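Engineer: Just dropping this structure here.
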Amino acid sequence: MGMGLGLGGGSAIAQREPLFSRVIGLNLRLVLAFAASLGLLFLDARQGLMAPVRGAVSQVTAPLQWVLAQPFVGLGDAFAFMTQHRELLRSQEILTRQLATLQAEQLTMATLMAENAQLRALTQLPLPPGRRALVAEVVAIPGDAFSRRLLLNIGADAGVQAGSPVIDGHGLVGQVTHVDAARCEVTTILSRQLFVPLQSARNGLRLLGNGAGSDAAVEIPQMDANGGLEVGDLLVTSGLDGVYPPGLPVARVRAIQPPRVNSPFASAMAQPVSGVDRAGPLLILVPTAHPAAGKGAKS
Amino acid sequence: MSLIKPLLLQGHALELPVRPGWVRLSLLLAVLVTWLPWPEAMAWWLPDFLLLTLLYWTWRAPLQAGIGTAFLLGLLTDVEHGALLGGYALSYSLAAYAVLRMRVRLGGFDWRGRAAHLAPVFLGTPALALLIGELSDLHPDPWFLASGLTAAALWPGLAWILDGTGRVSSHAAALRSGAPLP
């Protein structure tokens, strides 16, 4: 790394210190490293340097990481095969039952949607932009202190766009925040920096929620103490930001914290309704230019 | 202050020159270890193997792994985390600086004393990176400070393993430096 300049190889033991040192001093090196780091932090904050750099670096690192993961995938598969046979049978039974229910529900859903479209046309309301669902699987769960993320197995090649909401069969899971050619990264609603505009399904109270970090929970850090939110209320997306379509179930209120001393705001904790910390197929809701082409899932 | 001076002060057998290729290879291996698909539940206390290896070589072979190396590896960690470019680069650089500053002093202690000297560095490095994240409104998860504790606890073992690797034999070292053979 240029540290051994003018020293010839690594054996400095028998060398005398030169009269005029040509090596950069330790303090100056630290200052240079600090200046470079702070410059990068500044550029990243101002210009968003991280996304292009990450895109370029992941071209090299993503295949390497994939190769590294393979032995463990095989091990995990073998282990799962040995131990989870009975569990699979049970889950298949449950799934078959669920499928029947869902199929029945889908029939009513189709009629409801047609009716809804007719009603909207009648009231001259503009239709919200259409969404297309892409089915994705979780391939990795990178853990770090900054966010709770999921790595999914499809990317820009399959039509994934950054910013698309991600759901599972029960509710909102998160938002696509980074897209590679063949993979994409989802920041889940458990992340502390992901804010979701919510409303209470019971009384329409509008709130802003964000993830609670290590707890598998969504918190509402600030809300009106007399707003009328109650334990057990279902929180759904309000659609106010234009990112999440309105009405997606997000979480169920678990506890309400009355205002602390010197604060006018109450806060609340809510339990996500989606299986955000469980494995399972996910749907990415990608906006489509032509809403008529609702071809449905594509794997 | 020059980097050469502390090297001249060392006369211990462990201060035999280290093969630069092995330093680079072990750092690469440390990067690959951090890239293994560790379970998510472990992430908050998983020690930073890259930082451990880096600081070992900063201590033992400062010409091969100094502040410049620390800065570049910190950048790699930043890109891997994908949150903030420059946060880990800054904290790794500071960690390498701290180790270079106490190099000579470390030589006067046994492994327990050295571990005690280095523990604040291992605790402080993730703390600084998380603090920079907090100042940038990214609200990192404070539980990840625990990774510094495990790194400090793991240090004596890793240092013991790396002590046994990568040294040029004393015979070859003598040949290279031109001193009379023992």
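Engineer: Look at segment B:40-57 and say how many of its residues are in a helix (DSSP H, G or I) and either more than 10 Å from chain A (Cβ to nearest Cβ) or among the basic types (Lys, Arg) (or both).
Structural biologist: Residues that pass the stated criteria total 9.
Engineer: Any chance segment B:161-173 includes a residue that's within 11 Å of chain A (Cβ to nearest Cβ), modelled with pLDDT under 80, open to solvent by less than 20 Å² (accessible area, probe 1.4 Å) and not in a helix (DSSP H, G or I)?
Structural biologist: Yes, because at least one residue in segment B:161-173 is within 11 Å of chain A (Cβ to nearest Cβ), modelled with pLDDT under 80, open to solvent by less than 20 Å² (accessible area, probe 1.4 Å) and not in a helix (DSSP H, G or I).
Engineer: Every residue in segment A:152-178 that is open to solvent by less than 40 Å² (accessible area, probe 1.4 Å) and part of a strand (DSSP E or B), please.
Structural biologist: Here is the first cut: in segment A:152-178, the residues open to solvent by less than 40 Å² (accessible area, probe 1.4 Å) are A:152, A:154-155, A:158-160, A:163-168, A:171-176, A:178.
Result: A:Leu152, A:Pro165, A:Val166, A:Ile167, A:Leu172, A:Val173, A:Gly174, A:Gln175, A:Val176, A:His178.
Engineer: When you look at B:Gly68, is it more than 13 Å from chain A (Cβ to nearest Cβ), surrounded by fewer than 24 Cβ atoms within 10 Å (Cβ to Cβ) and either closer than 25 Å to A:Asn27 by Cβ or in contact (Cβ under 8 Å) with a residue 40 or more places away in the chain (or both), yes or no?
Structural biologist: No.
Engineer: Sticking with this one: Just give me the residues in segment A:230-274 being among the aromatic types (Phe, Trp, Tyr) and either open to solvent by 50 Å² or more (accessible area, probe 1.4 Å) or over 19 Å from the mean Cα position of the chain (by Cα) (or both), in sequence order.
Structural biologist: A:Phe265
Engineer: (1) open to solvent by 40 Å² or more (accessible area, probe 1.4 Å); (2) within 22 Å of A:Ala33 (Cβ to Cβ); (3) at the interface with another protein chain (Cβ under 7 Å from one of its Cβ atoms): which one isn't true of B:Leu135, the others all being true?
Structural biologist: Only one criterion in (1) open to solvent by 40 Å² or more (accessible area, probe 1.4 Å); (2) within 22 Å of A:Ala33 (Cβ to Cβ); (3) at the interface with another protein chain (Cβ under 7 Å from one of its Cβ atoms) is unmet by B:Leu135, namely (3).
Engineer: Could you list, ordered by first residue, the pairs with Cβ atoms under 9 Å in which the first is in segment A:36-50 and at the interface with chain B (Cβ under 7 Å from one of its Cβ atoms) and the second is open to solvent by 40 Å² or more (accessible area, probe 1.4 Å) and β-branched (Val, Ile, Thr), at least 6 apart or interchain?
Structural biologist: The qualifying pairs are A:Asp44/A:Val53.
Engineer: A further question follows. Give the number of residues within segment B:85-113 that are open to solvent by less than 20 Å² (accessible area, probe 1.4 Å) and outside any helix (DSSP H, G or I).
Structural biologist: Residues in segment B:85-113 being open to solvent by less than 20 Å² (accessible area, probe 1.4 Å) and outside any helix (DSSP H, G or I): 2 in total.
The values are calculated or read from the model by the stated rules, or taken from the named source; none is laboratory data. Just so we're clear, the structure is a prediction, and the values are computed from it rather than from any experiment. In this analysis, Cβ positions are derived from the backbone assuming ideal geometry, glycine residues included, and neighbour counts consider all displayed protein chains. With ligands, DNA and RNA removed, areas are computed over all heavy atoms of the protein, side chains included. Shrake-Rupley method; radii C 1.70, N 1.55, O 1.52, S 1.80 Å.
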